[in-house]
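The values are calculated or read from the model by the stated rules, or taken from the named source; none is laboratory data. Keep in mind it's a predicted model, so treat the numbers as computed, not measured. All Cβ positions, even for glycine, are placed from backbone atoms using ideal geometry, and neighbour counts span all protein chains on display.
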Amino acid sequence: MIIFGRDICGNLENSLRREWLVTNGTGSYACGTIAGANTRCYHGVLVAALQAPVARTLLVAKIDATAHLRGTPYQLDTNEWNDDTIDPHAYQWIESFHLAGSIPTWTFALAEAQLIKRLWMVHGHDTTFITYTHARSHDPIDLDLKVLITYRDHHNETQGDWMPSVALQPDGTTVRVDAFDGATPYFVKVARGKYTPIDHWYRHFKHRVETERGLDDVEDLYAAGTFRVTLPPGETIALVATTEEDAAPESAALDWQVALDAEQKRERALIVQSGLDQQPDWIQQLGLAADQFIVNRQFSGVEASAGAPSQPSTPAKASSPTVVGKTIIAGYHWFSDWGRDTMIALPGLCLTTNRYDVAKTILKTFAAFVDQGMLPNRFPDQGEQPEYNTVDATLWYFHAIDAVASATNDGSLVRELYPVLKDIIAWHVKGTRYQIHVDRDGLLYAGEPGAQLTWMDAKVDDWVVTPRIGKPVEINALWIHALRLMAKFAQHAGQADDVTVYLSRAEQATQSFQRRYWYSEGGYLYDVIDGPNGSDSSLRPNQLFALSLEPDLLTPEAARSVIEVCAQQLLTSYGMRSLAPTHEDYEGVFTGDRYARDGAYHQGTVWSWLIGPFVEAHYNVYHDRDTALNYLRPFAQHLNDLCAGSISEVFYGDAPHLPRGCVAQAWSVAEVLRMWVRLTSGD
């Protein structure tokens, strides 16, 4: 169990640093800090994906609660303001915070009374529950629940220059919000209590993390009103924020106790289904974290509405949504679903949790978007056409299909997708976008000026930080891997003639790889060959994929040398540095504005997902299970930092390796989980 006491909760900096996250399986989420202050533009009680899983729109930003016990007020939510003041200091009343499964739970000590707050979302619905339970005291507690709202894209900040329509419904306990004409209406409701309208903008909330990131950092929020509720000892009151008009707290389907029981039962079932119930608690927690990234993708029946001139345009909810597939959110808070991230993360998120049907659905979903032999790099957040600026997403697709087929012992998936895969190989041989083509040596060339095609894809305006034009080492390890898999797939598909073709291409590429990538002076592999300036000997972790995917690509001596050099220069407790500290372009910190951050993104910053290929490569070379597992154990402590219960995207290259980037990253969780399960299952 993830739990923090007063040493964390009662300290402002500690409690503002740590965040919580809940999701609903459609791309919607709720998140915030333990202290109760919103430190990011992404923090809110209800961030609804109005075109699942994108068009994520912040609706209900906060519920500022004040408890009154025998006339003494206790404010339960902290705020930071643009003049750098903190008011109120509600964190001082937090006795403890813990995750009950994935449900954030606060215990407030108010004199002799105890008040317990829980927050969760209803799976599959844009509905957030917040409950307050009076756990200790003989006197009733009066709760004032102030509703702070907005309506904006979750990447932006609200400037309060319009007036939402806020109307109390006839039941007297439900407020309907129409932010502007054409906006999706949403509702805030309680089972009982008295509502008092406020209709006032609170100005200049400060988002300190956005300040650090060099982005807009000040927000206005509209106070819709306050619900006053009297809470006798032992009783619970629920507040519901939802886009669903019929999601009334008193209804049988969404009674708070029914909803809580349903979510707890769902989480227990996930752990049992995954077979993780005998694993350590932190691995079980990662099993729940994995679930947060698997979401629906909506493809048709989408309508968009324009925003009012003074309000940022935000799509309305689809009038007749048609959900036809599954996908993986790359990271919270700002990433949508990316082809590369999805294919890399799929084995760890779906196969180690025994969600085979979900894995197959994701693979079939992406097959529908293959174009000119390429998978999309990403689906934009507002529903535009997919972008195809990637060379590796498509190659990781082969690996994911093989992983699913092997785990399920089901050849039907391969047979169904074989025509798509054959077409992909054909496009790569003859050439497709961005100069991606097979060269005379059988290796795959990719890249052109202004494009970023590998996972090291940072780009600021026209500056491609790590262009890697030519033949990147991991791309050709993936290419050889894909060709060898295609020979196997051809056998399953009954295409005997194709087997010889793919094996021949794989053998030519393998011989070229073994002859051309070895950098003898360093005892490791070139990062890129045949680039505009020749070969790049920068020491990067990309070479590890040659050993994790196809261990026989290198001699045993060369393989051990690669592991040793990468361990000495790149390995940290939380993953691999993206560039050796001895390189002149190394950046040891990841902070500052967009130029500073993207300039360091792949120039020394530690990537946690890369612990997976390192551990796999190490195990493939040394077959030392205990040592390999020890490389994963530091993440048990990390689950208590930044986003409780999940794994961050990146860390500083320099010690103490502070976590940064997305607070919860799909492939980070996936790779730690995948390798732990593989190593402990005896595989």
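Each row is one residue, and each column tells you yes or no for (1) surrounded by 15 or more Cβ atoms within 10 Å (Cβ to Cβ); (2) part of a helix (DSSP H, G or I); (3) not hydroxyl-bearing (Ser, Thr, Tyr).
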{"site": "Ala490", "(1), (2), (3)": "yes, yes, yes"}
{"site": "Asp498", "(1), (2), (3)": "yes, yes, yes"}
{"site": "Val501", "(1), (2), (3)": "yes, yes, yes"}
{"site": "Ser504", "(1), (2), (3)": "no, yes, no"}
{"site": "Gln514", "(1), (2), (3)": "yes, yes, yes"}
{"site": "Gly522", "(1), (2), (3)": "yes, no, yes"}
{"site": "Asp530", "(1), (2), (3)": "yes, no, yes"}
- Task: Check region 412-420 and report whether any residue there is surrounded by fewer than 20 Cβ atoms within 10 Å (Cβ to Cβ), in contact with a strand residue (DSSP E or B) (Cβ under 7 Å, 6 or more places away or on another chain), assigned by TED's automatic domain parsing to the domain that holds Gln491 and aliphatic (A, V, I, L, M).
- Result: no
Q) Based on what the data block shows, is Ile237 over 33 Å from the mean Cα position of the chain (by Cα) and in the same structural domain as Pro88 (by TED's automatic domain parsing)? A) no
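Applying the selection to region 435-450, what residues are surrounded by fewer than 20 Cβ atoms within 10 Å (Cβ to Cβ) and either closer than 17 Å to His481 by Cα or touching a strand residue (DSSP E or B) at 6+ places or on another chain (Cβ under 7 Å) (or both)?
Applying the first criterion (surrounded by fewer than 20 Cβ atoms within 10 Å (Cβ to Cβ)) to region 435-450 yields 435, 437-441, 448-450.
Across region 435-450, the qualifying residues are Gln435, His437, Val438, Asp439, Asp441, Gly450.
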Exactly one of Phe180, Phe187, Phe205 is over 20 Å from Asn38 (Cβ atoms) and assigned to a strand (DSSP E or B), and that one is Phe187
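Can you tell me how many residues in region 132-177 are farther than 16 Å from Phe205 by Cα and part of a loop (DSSP other than H, G, I, E, B)?
12
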Q: With the condition kept exactly as written, say whether any residue in region 651-660 is in contact (Cβ under 8 Å) with a residue 24 or more places away in the chain, crowded, with 22+ Cβ neighbours inside 10 Å, touching a helix residue (DSSP H, G or I) at 6+ places or on another chain (Cβ under 6 Å) and not assigned by TED's automatic domain parsing to the domain that holds Glu13.
A: no
Note on region 532-588: residues in a helix (DSSP H, G or I), under 26 Å from Gln637 (Cβ atoms) and touching a Cys at 6+ places or on another chain (Cβ under 9 Å) are Pro541, Leu544
Note on region 81-92: residues touching a Phe, Trp or Tyr at 6+ places or on another chain (Cβ under 9 Å) and either crowded, with 22+ Cβ neighbours inside 10 Å or not assigned by TED's automatic domain parsing to the domain that holds Ala52 (or both) are Ala90
Counting only strands (runs of 3 or more DSSP E) wholly inside region 1-96, the ones holding at least 1 residues that are within 29 Å of Asp139 (Cβ to Cβ) and in contact with a helix residue (DSSP H, G or I) (Cβ under 8 Å, 6 or more places away or on another chain) are 72-75
